[in-house]
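The values are calculated or read from the model by the stated rules, or taken from the named source; none is laboratory data. What you see is a predicted model, and the numbers here were worked out from it, not measured in a lab. All Cβ positions, glycine included, derive from the backbone under ideal geometry; neighbour counts span all protein chains shown. Surface accessibility is based on the protein's heavy atoms, side chains included, excluding ligands, DNA and RNA. Shrake-Rupley method; radii C 1.70, N 1.55, O 1.52, S 1.80 Å.
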Amino acid sequence: MAPPPAAPAPPSAWQQAMNNAYTSPIPVRKTHLGNALASEWTKIKSVRSTMWTLGVFFLLVVGIGLLVAGQTQDRDYADVPFTIPAFFGLVLGQICLITLGVLVTSSEYGTGMIRTTFTASPQRYRVLAAKILIFFVIAFVVSAGSILLVGLMTSGMHSGPEAGDVDWSGTVLKGGLYVSLLGVLALAAGSMLRHSAGAITAMLGVVLVPAILPVFLMISEGTRPLGEKMMDYNAINSLAKIFEMDGEGGGTSQLLLLVGVTVAAIAGAFALLEKRDV
């Protein structure tokens, strides 16, 4: 006859403690991109530099735009869009978005808070993707809204019979997209370089050097073609083409080039983010 089964051993002290452990009433959910977006939105809206930088950008675009519009006549808009005055403000205003784009990433590395961010969200790619999306939306809304406001106010000031009826919706979209992509490019540069001053300097070189260097390249016949291409595709002339400064629509090829460069920079930022330590 088989012996009866042995009675189970009484639970140890630590097992009893585990059974009586506190259970949080907050449901545990798997994190996703939406959580990272909410986190980055909270960060960017709670930092004073964001409001100051965007405020200066808005004042530059709208203020300079209205000053230029006030010096023009109705006949000046016979074959050009009413948004042209916004171009002069964007030439300076784009520096604000470039600076803000760099600070979105590099400031966390400078303060060391990036360690806390990556501890809370170990999926680093998700953090960078959230930063890019939040910044791009904010930059595009502010830049396109500023250009639209200048266009509306200019059309109200110069809507006489001598003014033309050139469609300017494309300049609002492409102009806002161009300067927003410059900001995203700066964000990627800030993520790769991890240093605010270095990334801002590098981006200023990207914007200013191609606008200055063609003057020297065109001196020689051998380098003239390169100078002409650089002249056509630098940031200032690209915006001028988008705003139809020459009376003809354009800027699509310049915008596509910037899209390609920005995508390449973002890919490099993602690759380095996973390989380097914080």
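Between residues in segment 75-103 that are under 16 Å from Gly145 (Cα atoms) and free of Cβ contacts under 8 Å to residues at least 60 places away in the same chain and residues that are in a helix (DSSP H, G or I) and open to solvent by less than 20 Å² (accessible area, probe 1.4 Å), which pairs lie under 7 Å by C-beta distance while being six or more apart or on different chains?
Once the first residue is under 16 Å from Gly145 (Cα atoms) and free of Cβ contacts under 8 Å to residues at least 60 places away in the same chain and sits in segment 75-103, its partners that are in a helix (DSSP H, G or I) and open to solvent by less than 20 Å² (accessible area, probe 1.4 Å) give Phe88/Gly65; Cys96/Phe57.
With the condition kept exactly as written, say whether any residue in segment 221-231 is in contact with an Asp or Glu (Cβ under 7 Å, 6 or more places away or on another chain), more than 16 Å from Val91 (Cβ to Cβ) and not aromatic (Phe, Trp, Tyr).
The answer is no; no qualifying residue exists.
Looking only at residues in segment 27-41 that are not β-branched (Val, Ile, Thr) and not in a helix (DSSP H, G or I), which one is modelled with the highest pLDDT? Explain how you work it out, then say what you get.
We begin by selecting, within segment 27-41, every residue not β-branched (Val, Ile, Thr); these are 27, 29-30, 32-41.
Restricting the remaining residues to those that are not in a helix (DSSP H, G or I) gives 27, 29-30, 32.
Values: Pro27: 70, Arg29: 72, Lys30: 75, His32: 78.
So the residue we want is His32.
Give the residues of segment 228-249 that are within 15 Å of Tyr178 (Cβ to Cβ) and crowded, with 18+ Cβ neighbours inside 10 Å, sorted by residue number.
Asn234, Ala235, Asn237, Ser238, Leu239, Ala240, Lys241, Ile242, Phe243, Glu244
Among (1) part of a loop (DSSP other than H, G, I, E, B); (2) of a type in the set (S, T, N, Q); (3) within 25 Å of Val61 (Cβ to Cβ), which single condition is Gln254 missing?
The number of the failed condition is (1).
Can you tell me which of (1) over 21 Å from Ala202 (Cα atoms); (2) surrounded by fewer than 16 Cβ atoms within 10 Å (Cβ to Cβ) is the one Leu92 doesn't meet?
Only one criterion in (1) over 21 Å from Ala202 (Cα atoms); (2) surrounded by fewer than 16 Cβ atoms within 10 Å (Cβ to Cβ) is unmet by Leu92, namely (1).
Residues that are within 17 Å of the chain's Cα centre (by Cα) and either open to solvent by 50 Å² or more (accessible area, probe 1.4 Å) or among the polar types (S, T, N, Q) (or both): does segment 204-227 have at least one?
Checked segment 204-227: at least one residue is within 17 Å of the chain's Cα centre (by Cα) and either open to solvent by 50 Å² or more (accessible area, probe 1.4 Å) or among the polar types (S, T, N, Q) (or both).
Can you confirm whether Leu128 is in contact (Cβ under 8 Å) with a residue 60 or more places away in the chain, open to solvent by less than 30 Å² (accessible area, probe 1.4 Å) and under 26 Å from Ala267 (Cβ atoms)?
Criteria met by Leu128.
With the condition kept exactly as written, say whether any residue in segment 70-79 is open to solvent by 60 Å² or more (accessible area, probe 1.4 Å), among the aromatic types (Phe, Trp, Tyr) and over 22 Å from Thr50 (Cβ atoms).
No; the residues of segment 70-79 include none that is open to solvent by 60 Å² or more (accessible area, probe 1.4 Å), among the aromatic types (Phe, Trp, Tyr) and over 22 Å from Thr50 (Cβ atoms).
Mind counting the residues in segment 167-203 that are surrounded by 24 or more Cβ atoms within 10 Å (Cβ to Cβ) and without any contact (Cβ under 8 Å) to a residue 60 or more places away in the chain?
The number of residues fulfilling the criteria is 0.
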